[in-house]
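Trainee: This is the structure, below, for whatever I ask next.
Just so you know, all these numbers are worked out from the coordinates, no wet-lab data involved. Quantities reported herein were computed from a predicted structural model and do not represent experimental measurements. Because the Cβ atoms are built from the backbone with ideal geometry, glycine has one as well, and the counts that use them run over all protein chains shown.
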Amino acid sequence: MSQESLGPDPLAVFESWFVEARTHDPRFADAMTLATASPDGRPSARTVLYKGLDDGAVCFVSNYESNKGQELELNPRAALVFFWASLNRQVRMEGHVERAAASWSDRYFAARARTSQIGAWASAQSRVIGSRAVLEARIAEAEARFLDQPVPRPSFWGGYRLQPERIEFWLGQNARLHDRYSYRAGPSGWAVERLSP
Ligand SMILES: Cc1cc2nc3c(=O)[nH]c(=O)nc-3n(C[C@H](O)[C@H](O)[C@H](O)COP(=O)(O)O)c2cc1C
């Protein structure tokens, strides 16, 4: 794979790789590993779902009071990784993370299934819970609270935007001679370099 064939805009490359991955194997093509770190540098990683690009930022949704939410509050930088096994491709991104605008989160939340909306209210994500029965009781409580009315977005739940400063494309090749291209955002746009595999 040549540098020329990728082109100068890594977000356009990402979008076309994502579409290819989804077409090839739709199962979890939108799943990405999101790594955050505490202010003292202890990393943690988990899977979240990709919710699209918005003005050059990668969007995902979560609970703002979860472990990741608390880490992002104190240390608003993250890395994320897509691995598409069916294509033997990986995309890595690193950058600054901020909360999405309330209007974006409201719109996204309103379009979710009602069960997911109720779930967002019921689950104090990342906190210890005594049993599944406690969770089910919290679901019933939320259902009763919002009976016969639309479920509003909880203030503790919404979107995040990761603004990539580095994007790397990895394409598996024979004999471990994989292709890697690393794009870095700079004052005059994206600069690209080939990396050793
Ligand atoms: C396939 C898959 C998709 C997931 N998508 C999300 C998501 O979009 N948002 C989210 O908050 N958690 C998602 N989770 C759950 C997270 O991996 C994680 O358990 C949760 O966010 C709590 O992480 P934390 O305690 O580090 O904050 C997903 C898990 C899997 C396996």
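Trainee: List E168, E94 from most exposed to least, where exposure is judged by having the fewest other Cβ atoms within 10 Å.
Mentor: Details: E168 20, E94 17.
Result, fewest neighbours first: E94, E168.
Trainee: Still on this structure: Is the shape of the range 34-114 best called rounded, prolate or oblate, per the rule: a/c under 1.5 gives rounded, else a/b larger than b/c gives prolate, else oblate, with a ≥ b ≥ c the square roots of the Cα gyration tensor eigenvalues?
Mentor: It is oblate, given that a/c is not under 1.5 and a/b is not larger than b/c.
Trainee: With 10 angstrom as the radius, rank I118, I129, I139, I167 by how many other C-beta atoms surround their C-beta, starting from the fewest.
Mentor: I129, I139, I118, I167
Trainee: Where nothing but the Cβ of Lys and Arg (+1) and of Asp and Glu (-1) is charged, how large is the charge dipole of the chain around its Cα centre, in debye to the nearest 20?
Mentor: In debye, rounded to 20, the chain gives about 440.
Trainee: OK, next. Rounded if a/c is under 1.5, else prolate if a/b beats b/c, else oblate: with a ≥ b ≥ c from the C-alpha gyration tensor eigenvalues square-rooted, which is the range 120-165?
Mentor: It comes out oblate by the Cα gyration axes.
Trainee: Let me ask something additional. At a threshold of 8 angstrom on Cα-Cα distance, excluding pairs fewer than six apart, so keeping six or more, what relative contact order does the chain reach in percent?
Mentor: Working: 328 pairs, mean separation 43.8, N = 197.
Once normalised by length, the contact order is 22 percent.
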